[in-house]
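The values are calculated or read from the model by the stated rules, or taken from the named source; none is laboratory data. Given the structure is predicted, the values throughout are model-derived calculations rather than measurements. Here the Cβ is made from the backbone with ideal geometry for all residues, glycine too, and neighbour counts use every protein chain on show.
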Amino acid sequence: MLFVLGEYRISGRRASEIAASVEAGVGSGALEPGTLLPAMRELAGELGVNPNTVAAAYRTLRERGVIETDGRRGSRVRRRPATAPRSSLRMVVPEGVRDAAQGNPDVSLLPALDGPLAAAARRYAQEPTLYGQDPVVPELARLARAGFEADGVPAGAMAVTSGALDGIERVLAAHLRPGDAVAVEDPGWGSVLDLAPALGLRVLPVAVDDDGPLPDAVAGALAEGARALVVTARAQNPTGAVVGAGRAAVLRELLAGHPDVLVIDDDHGHGIVDLPLCALSGATRHWALIRSTSKAYGPDLRLAVLTGDTVTMDRVRGRQGLGPGWVSRLLQYAVVELWATGAVDPAVVARSYAARRDALVAALAERGVRAHGRSGMNVWVPVSDETAVVTRLLTAGWAVTAGARFRVESGPAVRITVSGLTPAEVPVLADAVASAVRPVLGGRRD
């Protein structure tokens, strides 16, 4: 049986077939984002199936992040389905254009990996990894624990994941189920904003300022039923926000009234930020802190160390054991070598990024352009029209990222990555941004 929706025909007799038909339409572009799907009873009648079959199909589509349901308003194709992640908005930087868009670290600040990987290979030759061994190398656990203790993170079991996003996904999946609500920073990391609906979770945006999540916004999300909160402690992407001691104390007090909420601290800025970590770990019964190596040692070093409460870690490690089993001990040995030898000095890296970031923020301020960037490698510039600003800057020879990749309800902006800037380029870029933000109209500036 077929049901015609515009020029697209939904087909199928079983829930899996109906879901596959809708998803195929979304993937091909025939069912555009925002398209209202037929009511379940209407579609069931047209297809000649039980309404429960359509309900099961819609449930599958919600869990996959393809559609969203808003009560009596019905079900719609998501504005940005999981099959079209925010990373798809990434532009191809034309030849001759300076790239301030990609969000990559400064390669000159990354340590060479040939020595650590060679040391890991020598160790592996002496003691090959076999099935049944501890998934976390003891030396890595010891070094990670020492770092956590120095930052005031509560004691907990340890796991190793393939990067920060892998860790966040595993922790969310350990506690939440499709339909649950998760509070996320807005603006925030686009990958997390994609991940949540892909897991079938409902996103509750939490506004941020230079000190991190706003307490009133967090309180509002908790009142709406958020079962989890994901926070970036420092080097927040894209704004550079840092959760300070004062903001952390307020948020911890707020969370104490919601002890069953899962709290995830994303510390991807470890190794590139010299500001203290003020995590929310331990404010509720279930928590996790994820410390990634990608920004400090290179994006291809796919490793993050994860700690948390006993229940969370038991669930994460148990499920991981049924899937990949463990993250390569060769990579773990390499990180042990990097950490043990102090291959990266966070203070040196932080000063390097800060010099470029602060110079750009100051140069923009001199030109009447407000910008944010307290830590990390990005500067966030609020604008009135993202597309226009990105286009004007591209014409001027600069590629920046449209803020749509990072936003839910927050206002338009552009993200500028400073890691590739030279001191001489800062005023040139600031001039270009100022001109793009305030174009000449009718002989005067708007």
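Odds and ends about this structure:
- The condition of being farther than 26 Å from E95 by Cβ and either buried (at least 23 other Cβ atoms within 10 Å of the Cβ) or within 25 Å of the chain's Cα centre (by Cα) (or both) holds for only one of A334, A340, A399, A363, that being A334.
- Filtered by the rule that a residue be of a type in the set (D, E, K, R) and under 33 Å from the mean Cα position of the chain (by Cα), the stretch 23-51 gives E23, E32.
- Taken together, the criteria exclude R415 from residues that are in a helix (DSSP H, G or I) and not β-branched (V, I, T).
- Residue that is modelled with the highest pLDDT [pool: residues in the stretch 177-231 that are part of a helix (DSSP H, G or I) and over 22 Å from V242 (Cα atoms)]: A223
- Which numbered condition V184 misses (of (1) over 30 Å from T60 (Cα atoms); (2) crowded, with 22+ Cβ neighbours inside 10 Å): (1)
- Number of the condition not met by V230 [criteria: (1) crowded, with 24+ Cβ neighbours inside 10 Å; (2) closer than 30 Å to A57 by Cβ; (3) over 12 Å from the mean Cα position of the chain (by Cα)]: (3)
- If you check A174, A141 for being in contact with a helix residue (DSSP H, G or I) (Cβ under 7 Å, 6 or more places away or on another chain), in contact (Cβ under 8 Å) with a residue 12 or more places away in the chain and small (G, A, S), only one passes: A174.
- Any pair with Cβ under 9 angstrom, 6 or more apart, that starts in the stretch 351-367 at a residue that is basic (K, R) and at pLDDT 95 or above and ends at one that is surrounded by fewer than 20 Cβ atoms within 10 Å (Cβ to Cβ) and outside any helix (DSSP H, G or I): R351/D274; R356/D106; R356/G420; R356/T422; R356/P423; R367/R438
- With respect to being basic (K, R) and closer than 23 Å to G325 by Cβ, R170 fits the description.
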